[in-house]
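None of the figures in this text is laboratory data; all of them are computed from the coordinates on show. Note that the coordinates shown come from a computational prediction; the quantities given were computed from them, not determined experimentally. FYI the Cβ positions are ideal-geometry reconstructions off the backbone, even for glycines, and counts take in every protein chain you see.
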Amino acid sequence: FVLPSLFETFGAVVIEALSFGLPVVVGEGAGASSMIKDPETGGIVSSPVTEQDLFIAVESQLKFLAENKERNQTLKNRQSIARSCALGIVVGRYLDLVQ
């Protein structure tokens, strides 16, 4: 999944992609970039994003998947990140912050 946005507040679509175990490539301006731990969960492309940067990041993710013998662990890592963004958990964090 690729989200090369220059600016994106958070991008729930990134979390949805991670929840399905997809590798993601995001622009560094995407809020969800803070959750990406390259290469286990995806790649981050520096701004300004170029076609070459995207190609290299996607190619890197595909290579990682092909060479990664721990695919099940990688999938679990991605799904774990997605679960940490579940509505109930995020609301709880906000409430803790306010209190």
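Annotations for the structure displayed:
- For GLU16 and ALA66, the FRET efficiency from 1/(1 + (r/R0)^6), where r spans their Cβ atoms and R0 equals 22 Å, is about 0.40.
- Most to least packed among 52-61, 26-35 [average Cβ atoms within 10 Å]: 26-35, 52-61
- Fully extending the segment from GLU28 to LEU97 would add 22.3 nm, taking 0.36 nm per residue of separation and subtracting the current Cα-Cα distance.
- Applying 0.36 nm per residue to the separation of THR50 and PHE1 and subtracting their alpha-carbon distance, the gain on full extension is 16.0 nm.
- Positive dipole terminus of segment 4-71, leading residue within PRO23, PHE7, SER47 (C-beta point charges): PRO23
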